[in-house]
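> Below is one structure. I have some questions about it.
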Amino acid sequence: MQTNPFRAQDPQYSPTRSFALPDATDDTAAITAWALAALRAIWHGGDRYVKAGVMLDDLRPKGLVQGSLFDTAPLDQSSRREKLMSVLDGANRKRGRSTIGIDAAGLREQQGWAMQRGMLSACYTTDWH
């Protein structure tokens, strides 16, 4: 999160917070819950924030998880959660990004503004040249 560095009259605040998830996950709801926990830890009411972001580190393939001696058997609920995330991802692939999602992710209403992306390359994240 960051306040506007160009408004010297406002208090400046740009905290960061990082968490290591206990288990590797591709569950949007779990990732959103951790992101909200980080936000609550650094939020100051009354500050005028201009931007915030979430970065995901140490990404791995889904099946590549190192267990430990004290791990318990996976819960039955995890397969139900996988099905739910599969339906959510499928609907967003078919009907367009952000068609349905997690309420806390901010899909309720569209912003009155958005970045101009008419000239954005199709490979803006994969080709740095």
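Derivation of every value follows stated rules applied to the coordinates shown; laboratory data play no part. What you see is a predicted model, and the numbers here were worked out from it, not measured in a lab. Cβ coordinates were reconstructed from backbone atoms using ideal geometry, including for glycine residues, and neighbour counts include every protein chain displayed.
> If R0 is 22 Å, what FRET efficiency do you get for Arg60 and Arg93 from their C-beta distance, rounded to 0.05? Walk me through the numbers on the way to the answer.
Details: r = 22 Å, r/R0 = 1.01.
Once rounded, the FRET efficiency stands at 0.50.
> Please give, to one decimal in nm, the separation of the simple spin-label points placed at Ala24 and Arg117, each 7 Å out from Cα toward the Cβ.
A separation of 2.8 nm, rounded to one decimal place.
> Roughly speaking, what is the stretch gain from Ile100 to Arg17, that is 0.36 nm per residue apart minus the C-alpha to C-alpha distance, in nm to one decimal?
Contour length minus the Cα-Cα distance gives 27.1 nm.
> With each pseudo-label sitting 7 Å past Cα toward Cβ, what's the Val50-Arg81 distance in nm, one decimal?
The answer from the label model is 3.8 nm.
> What residues qualify as long-range amide H neighbours of Tyr49, i.e. H under 5 Å apart, gap of 5 or more or another chain, H built at 1.01 Å from N?
Under 5 Å from the amide H of Tyr49: no residue qualifies.
> Can I ask one more? Determine ³J(HN,Hα), in whole Hz, for all residues of the range 32-41 in sequence, where each value follows from phi through the Karplus function 6.51 cos²θ - 1.76 cosθ + 1.60 and θ = phi - 60°; x replaces Gly and Pro.
3J(HN,Hα) across the range 32-41, in whole Hz: 5, 4, 5, 5, 5, 5, 5, 4, 4, 5.
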